[in-house]
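Enquirer: What follows is a single structure, and I will ask about it in a moment.
The values are calculated or read from the model by the stated rules, or taken from the named source; none is laboratory data. The structure presented is a predicted model; accordingly, all values stated were derived computationally and were not measured. Because the Cβ atoms are built from the backbone with ideal geometry, glycine has one as well, and the counts that use them run over all protein chains shown.
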Amino acid sequence: MEGLSVGVRRRSVVAAAAWLPFVGASTSCTGGPEPVRGPATDLLEGRDWAHFAGAKPTSAGVRITRLDRRITRQDGGGGQPNPPVNLRGPHLVFRGAVRIEARLRRTDDTDAYLHLYGETPVVYDEWRQEPRGVRIGVAGGRVRFDRWDGDSDRPAATRTFAGDFGEDVRLAVEVRGSGLVLEADGTVLGTFAGRDVFGHGRVWFGADAQGDGEGWTLGELRALPLGRGRMAVQNAPGLEVPRSTDALRDLAADLERPIRLGTALAAGPLLTDGAYRRTAGEEFSMLTPENDFKPQFVQPRRGVFAFEEGDTLVAFAEANGMQVHAHTLVWFEALPAWMRAEMTDADRRRVMTDHIRAVAGHFRGRVAEWDVVNEPMSDEDEDYTNGNLGVRPHLWFEAMGERYIDIAFRTAREADPHAVLYLNEYGVEEDGPRWDALLALLIRLRGRGVPIDGVGFQNHEYTAGDRTDPEAFRRKVRALAGLGLKARVSEMDVLVGDGAEDEDVQARQFAGKLAVCTEEPNCTSFSTWGFTDRYGSTADIRTYPPGPGNALPWDPAYEAKPAYWALRDVLDR
């Protein structure tokens, strides 16, 4: 257990929270006099809270709606909390000591929380890396304090304080050297060991509503320096990226038959990592939202939508002359818990079509393409012989049969009439039953007049057995052309070792698939699933820190790898 002194060594190993009650208000956490408070800066008035998921600026403050946003694993289990961060709003940069004050107004049984992040979270594929930060709030009539040290999904320290806390509570946190001082309604509750949570001298803000209520209001939020401390408020960077004319996107646009060069992007690093933002805007002419359009992100509760991160990606595309390939409307993964709950077949159909109408309708006219149905083909051999015709028997199939695909495409066409509509699938680049079943499905869909425009080939290559001959891929693209369908490489990444020979294999695989796409008239775009191993989905996740994979054209330091130069060579022939 931690010792009770706030002067404990920063590198000591701890198992629980340290807390030291204050004795009088005239001494600081280090035993000296209280530091002088500098002028306060308002973090609400005139700041951007309109692009914060679940928030609505009002005359009384910022209204925080309960989202219950969580990230589930591939099997639908888990449910890791994924509260939003106001990345397009203000954040603090400071040196020395600083004080943050907030007023939380509740009108029902909502648990109200303010998050102070020393680093911003990273959402990998179905996992959120929880950063260093603290959370303060009022839950069940008690003040609660949690501290994350950046080494676990769970808080390293938790403390609750009973008291006569009503519906309107003023909270404050002071960052003073190695201590974090917590105050409620003018009374100092205690001091926690800081554990260097704000060691980078930055604070990003988030807010969350939990419990049985619908929400609460952040009535005030301000910050002020203490003693010799210094602070400044920074807003989010602009979305437009200065460009040259010699990037991948430019080479692809100069082809005799131009194609789009794309990548999957996430809103988080786009706003907090300058190298990520510059590379994305410079090199690519199409983006795919990596996670921010998936159901568990945009409709975490039935009828409650959070489009803000998706809106940010679309705004970035618009600012940089990029198209958006939106991903994804219907899938059996990345679903909120309420979508997985038991319901009648009719209600299940209604849930699917309502979701499509709401999401496609929100982005109507702002995205060029949709992955309407993602990964409909089964991984189980029996589904290719038991009458399922290779279609995966998930919750949508169980409610509507194969016709769920028809219904999804027809609904998407009505919701966004001018968008190009795709089915997206993995493991169909090579010959075999999976491809044969997909081709037969496409023939059935075309025969039923389903408004499908094309197929995305994911091209994930994680093992040597996943490597596909480009000529095998070419045959698939041509088969689609025979059906009047477009093709695209939708999510390519090639996981290899760290040796030069491995990276040469990676480069050849990327180049081979791109070459096919440039040569076949119905192949419209080539997209990678991310572009830098710093945030790649093949990272060794659920460990702290995550070990980066080696599957993408840029390394974690944004150095171009042989795969990048191989892509350039194909486009510059």
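Enquirer: State the number of residues belonging to segment 142-194 that are out of contact with any Leu (no Cβ under 7 Å at 6 or more places or on another chain), part of a strand (DSSP E or B), small (Gly, Ala, Ser) and closer than 21 Å to Glu220 by Cβ.
Expert: So the answer is 1.
Enquirer: Let me ask another. Scan segment 403-430 residue by residue and report those that are over 16 Å from Phe332 (Cα atoms), assigned to a strand (DSSP E or B) and free of Cβ contacts under 8 Å to residues at least 60 places away in the same chain.
Expert: Within segment 403-430, Leu421 is the sole residue that qualifies.
Enquirer: Can I ask one more? Assess whether Glu429 counts as being among the acidic types (Asp, Glu), closer than 17 Å to Glu520 by Cβ and crowded, with 22+ Cβ neighbours inside 10 Å.
Expert: Taking the combined requirement at face value, the residue satisfies it.
Enquirer: Give me the strands (runs of 3 or more DSSP E) completely within segment 454-565, filtered to those with at least 3 residues that are of a type outside the set (Gly, Ala, Ser) and either in the same structural domain as Glu429 (by TED's automatic domain parsing) or within 30 Å of Glu130 (Cβ to Cβ) (or both), ordered by residue number.
Expert: 486-494, 523-528
Enquirer: How many of the residues making up segment 108-129 are β-branched (Val, Ile, Thr) and not in a strand (DSSP E or B)?
Expert: Of the residues in that region, 1 qualify.
Enquirer: Okay, moving on. Does Leu221 meet the test of being hydrophobic (A, V, I, L, M, F, W, C), under 27 Å from the mean Cα position of the chain (by Cα) and within 20 Å of Trp554 (Cβ to Cβ)?
Expert: When the stated conditions are applied, Leu221 does not pass them.
Enquirer: Under the condition of being polar (S, T, N, Q), assigned to a strand (DSSP E or B) and under 15 Å from the mean Cα position of the chain (by Cα), which residue from segment 37-92 is surrounded by the fewest Cβ atoms within 10 Å (Cβ to Cβ)?
Expert: So, considering only residues that are polar (S, T, N, Q), assigned to a strand (DSSP E or B) and under 15 Å from the mean Cα position of the chain (by Cα), the one surrounded by the fewest Cβ atoms within 10 Å (Cβ to Cβ) is Gln80.
Enquirer: Just for segment 403-425: of the residues that are touching a helix residue (DSSP H, G or I) at 6+ places or on another chain (Cβ under 9 Å) and among the hydroxyl-bearing types (Ser, Thr, Tyr), which one is surrounded by the most Cβ atoms within 10 Å (Cβ to Cβ)?
Expert: Within segment 403-425, the match that is surrounded by the most Cβ atoms within 10 Å (Cβ to Cβ) is Tyr404.
Enquirer: Out of Gly321, Gly401, Gly365, which single residue is out of contact with any Cys (no Cβ under 9 Å at 6 or more places or on another chain) and over 30 Å from Arg243 (Cβ atoms)?
Expert: Answer to the check: Gly401.
Enquirer: Just to be sure before I move on: is Val197 touching a Lys or Arg at 6+ places or on another chain (Cβ under 7 Å), within 30 Å of Leu552 (Cα to Cα) and in a loop (DSSP other than H, G, I, E, B) in the structure I sent?
Expert: no
Enquirer: From the set of residues in segment 523-544 that are free of Cβ contacts under 8 Å to residues at least 60 places away in the same chain and surrounded by fewer than 21 Cβ atoms within 10 Å (Cβ to Cβ), which is nearest to Ala264 (Cα to Cα)?
Expert: Once the filter is applied, the top-ranked residue is Asp540.
Enquirer: While we're here: Based on this model, can you work out whether Glu2 counts as surrounded by fewer than 19 Cβ atoms within 10 Å (Cβ to Cβ) and either under 36 Å from the mean Cα position of the chain (by Cα) or at pLDDT 50 or above (or both)?
Expert: No, not satisfied.
Enquirer: Okay, next question. Name the residues in segment 30-77 that are more than 13 Å from Gly206 (Cα to Cα), modelled with pLDDT of 95 or more and of a type in the set (Ser, Thr, Tyr), would you?
Expert: Thr41, Thr58, Ser59
Enquirer: OK, next. Which one is farthest from the chain's Cα centre (by Cα) among residues in segment 382-402 that are assigned to a helix (DSSP H, G or I) and exposed (fewer than 15 other Cβ atoms within 10 Å of the Cβ)?
Expert: Glu382
Enquirer: Any idea which of Leu116, Leu92, Leu67, Leu43 is farther than 24 Å from Gly150 by Cα, among the hydrophobic types (A, V, I, L, M, F, W, C) and in contact with a strand residue (DSSP E or B) (Cβ under 9 Å, 6 or more places away or on another chain)?
Expert: Result of the check over Leu116, Leu92, Leu67, Leu43: Leu43.
Enquirer: Return only the number of the condition from (1) free of Cβ contacts under 8 Å to residues at least 24 places away in the same chain; (2) in contact with a helix residue (DSSP H, G or I) (Cβ under 6 Å, 6 or more places away or on another chain) that Leu87 does not satisfy.
Expert: (1)
Enquirer: Based on this model, can you work out whether Gly547 counts as under 30 Å from Ala419 (Cα atoms), free of Cβ contacts under 8 Å to residues at least 40 places away in the same chain and surrounded by fewer than 18 Cβ atoms within 10 Å (Cβ to Cβ)?
Expert: No, not satisfied.
Enquirer: Now, a different point. Which of (1) charged (D, E, K, R); (2) at positive phi; (3) crowded, with 21+ Cβ neighbours inside 10 Å does Glu491 not meet, given it meets every other one?
Expert: (2)
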